[in-house]
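Student: Could you have a look at this structure, given as structure tokens, before my questions?
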Amino acid sequence: MDWTNNRLRLLDQTLLPTRVEYHELDRWPQVVTAITSMQVRGAPALGVAGAYATVLAAQEFKSLPFPDFLTKLAIAASSIAEARPTAVNLEWAVSCVLEAAKPATDAAEAVELLLEAAKTIEREDIKANHAIGGHGSALIPAGATLMTHCNAGALATAGYGTALGVIRTAWAQGKLKGVIATETRPLLQGARLTTWELTQAGIPTTLIVDSAAASVMRSGKVSAIVVGADRIAANGDVANKIGTYSLAVLAKAHNIPFYVAAPMSTVDLETPTGDQIVVEERAPGEVSSPQGVKAAPDEVGIFNPAFDVTPAEYVSAIITENGAFTAPYSDSLQVGAKSRG
């Protein structure tokens, strides 16, 4: 993801791994479409994209009288923030850039302040990912094989990754034997994106179907599981890609540590528990016709939640840029938030 020539340049993740194609977007509705269609995805990456989309909206309206500019910008920002409801980073980033622009006395100044705030969010996300990698790697034993789900790598962030940041750092420190990646149905982010990232980095990676996870854990091949998050409630309940809850339950049954890696911007202290997290439901066709291939009869009903919520009791630690926190999360995450400032 690059901001260049007053445009947002995005890698289209829906085409990976067979095609590497970038789109240059100069209108904020184009970014909303990219978000909803999952050309860009992953909670931290959505935050960065949403911040730059707000800048594009400001650029579009900057010729209007300032009161009209502010009205139009607020409407556009609301649409951007609501493009995907589960990941808190999107709403958080839009709110941050709008707050940064409040001192502006005209549209031109507002655009400058919005852009600087968006660039700051991008820079700080990369910095946070590296810090997450360091804190997480400290929990990983030498010679470990890690399991991960979905994609929480450079593609899902401004760069380096959260869960994959832990994996990258552990690999660089010589602690890692390899990675087991789940395919992550129905859109196969694990198969298409995570394995692509890890093999590009030269990290030995084995792909398994989602339903093989229990058997693989029972075999003793998994040292720990590390996943990302789209929203973390104040009590430590974690919303992440559908299938995460299953892995957490299985991990506990097999006495395997289950770690969640995410920046503090993903921690939503305004949401008491996972019961209040809105879980996005996506189009039935993603399930009935995966990758465009019909796999189910037209008459069958489809339930396609994009995320599930893992209760805090199944989480061994939440790894952030401010450290790795353990239960009781209602206390430890408050400490993490204060460290964030």
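Student: Is there any pair linking a residue in the range 296-323 that is without any contact (Cβ under 8 Å) to a residue 40 or more places away in the chain and assigned by TED's automatic domain parsing to the domain that holds residue 257 to one that is among the hydrophobic types (A, V, I, L, M, F, W, C) and crowded, with 16+ Cβ neighbours inside 10 Å, with Cβ under 6 Å and at least six apart or on different chains, and which?
Tutor: 302/287
Student: Now for a different question. Being among the hydrophobic types (A, V, I, L, M, F, W, C), touching a helix residue (DSSP H, G or I) at 6+ places or on another chain (Cβ under 9 Å), in contact (Cβ under 8 Å) with a residue 12 or more places away in the chain and not in a helix (DSSP H, G or I) narrows it down to one residue among 73, 139, 113, 98; which is it? Break it down stepwise before answering.
Tutor: Details: 73 fails: not in a helix (DSSP H, G or I); 113 fails: not in a helix (DSSP H, G or I); 98 fails: not in a helix (DSSP H, G or I).
Matching residue, one of 73, 139, 113, 98: 139.
Student: Continuing with this model, one more query. Among (1) farther than 20 Å from residue 162 by Cβ; (2) in contact with a Pro (Cβ under 9 Å, 6 or more places away or on another chain); (3) at pLDDT below 95, which single condition is residue 87 missing?
Tutor: The single condition residue 87 does not satisfy is (1).
Student: For the range 239-264, enumerate the residues that are buried (at least 22 other Cβ atoms within 10 Å of the Cβ) and among the polar types (S, T, N, Q).
Tutor: 240, 244
Student: Give the residue, chosen from 27, 9, that is touching an Asp or Glu at 6+ places or on another chain (Cβ under 6 Å) and surrounded by fewer than 20 Cβ atoms within 10 Å (Cβ to Cβ). Show your work before the answer.
Tutor: Working: 27 fails: touching an Asp or Glu at 6+ places or on another chain (Cβ under 6 Å).
Answer to the selection: 9.
Student: Here is a check on your reading of the model: is residue 132 surrounded by 19 or more Cβ atoms within 10 Å (Cβ to Cβ), in a loop (DSSP other than H, G, I, E, B) and at negative phi?
Tutor: Numbers: surrounded by 19 or more Cβ atoms within 10 Å (Cβ to Cβ): yes; in a loop (DSSP other than H, G, I, E, B): no; at negative phi: yes.
No; evaluated as a whole, the condition is false for this residue.
Student: Restrict the check to the range 160-173 and report whether at least one residue is buried (at least 24 other Cβ atoms within 10 Å of the Cβ) and at positive phi.
Tutor: yes
The values are calculated or read from the model by the stated rules, or taken from the named source; none is laboratory data. The structure presented is a predicted model; accordingly, all values stated were derived computationally and were not measured. FYI the Cβ positions are ideal-geometry reconstructions off the backbone, even for glycines, and counts take in every protein chain you see.
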